[in-house]
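Below are the structure tokens for one structure; questions will follow.
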Amino acid sequence: MSDVMTPKAPQWWKKPDVKKTAILWVICTAVIGFVGVEFHVRNMVRPASETMSGVISLMRIFTWAAAPVAGLVGAICLTALTSKRHYGDNPPPESDHQISNSPRTNAVWIVVSALLCLFALVGGFIVIQKDSAALLDKNAIQVNVTGQQWLWSFDYENGARSEDLYLPVDKPAVFHITSVDVKHSFWVVQMGIKMDANPGYTTDAAVTPNKIGVFDVRCAELCGLLHAYMQTKVHVVSQADYEAWLSNHAAIEKGA
């Protein structure tokens, strides 16, 4: 019987390619998170409501939450591309890490994936609940929004009607959205509001603009030949200016 001892193979997490992947994982996670937030989020429109500010914050959080997943995929790809090539019908002996057969590894993967999905779900529900609170505000102004090929029209409680949307600053507005022909999507870009306009049905959305200015309203659903031109403006003004505009347009409609 030989006294020569067979050297014990190092544990899988101590092998060079695993260490390399781990280092690349940290680097890729930092790069993806930083670039995703600095480039993508910072190039979004400037918010004109708390709703849009919440959307931007949620995008920033979700970007960093997804960065480790994307970073791991990138690290594995980089390791495979930069490692020594192996030729033959069988994998090299050092590649047998037994990760795929490890119950512990599989359990960690399932638990982490489930927690990430739960985090995204709960975070989304919190934002939706907060954004929908204005729907129940008794002091909110009510605006009927009608989409048709290829323009928007807005009807107010006192009978005023316009093709540009007018809203007072710092006051909740509830939109009752429908369509008279095909499906459209009512999108107030800088306020983070996007809701389908369905023919024969009315859907509701709410927002509180917090900045005076002129912002964009577009259709976000392909609705025909001139879909790209189905856009208008939303004018956010002071309460006094809004009441003056509302009275003037109501008088115009009654005299028409």
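The values are calculated or read from the model by the stated rules, or taken from the named source; none is laboratory data. Small disclaimer: the values here were computed from a predicted structure and weren't measured. Cβ sites come from the backbone with ideal geometry, for glycine too, and all protein chains shown count toward neighbours.
What residue, among those in the range 98-134 that are part of a helix (DSSP H, G or I) and hydroxyl-bearing (S, T, Y), is modelled with the highest pLDDT?
Residue satisfying both the conditions and the ranking: S113.
Run D216 past the list (1) within 16 Å of P168 (Cβ to Cβ); (2) modelled with pLDDT of 90 or more; (3) touching a helix residue (DSSP H, G or I) at 6+ places or on another chain (Cβ under 6 Å) and report the number of the one that doesn't hold.
For D216, the failing item is (1).
Report, by residue number, each residue of the range 137-182 that is in a loop (DSSP other than H, G, I, E, B) and free of Cβ contacts under 8 Å to residues at least 24 places away in the same chain.
K138, E157
Then there is this: Taking L72 as meeting all but one of (1) over 24 Å from the mean Cα position of the chain (by Cα); (2) outside any loop (DSSP other than H, G, I, E, B); (3) modelled with pLDDT of 75 or more, write down the number of the exception.
(1)
Can I ask one more? In the range 208-221, is there at least one residue being outside any strand (DSSP E or B), of a type in the set (A, V, I, L, M, F, W, C) and on the phi < 0 side of the Ramachandran plot?
yes
Restricting to the range 165-218, what's the tally of residues that are β-branched (V, I, T), farther than 12 Å from V145 by Cα and over 21 Å from the mean Cα position of the chain (by Cα)?
4
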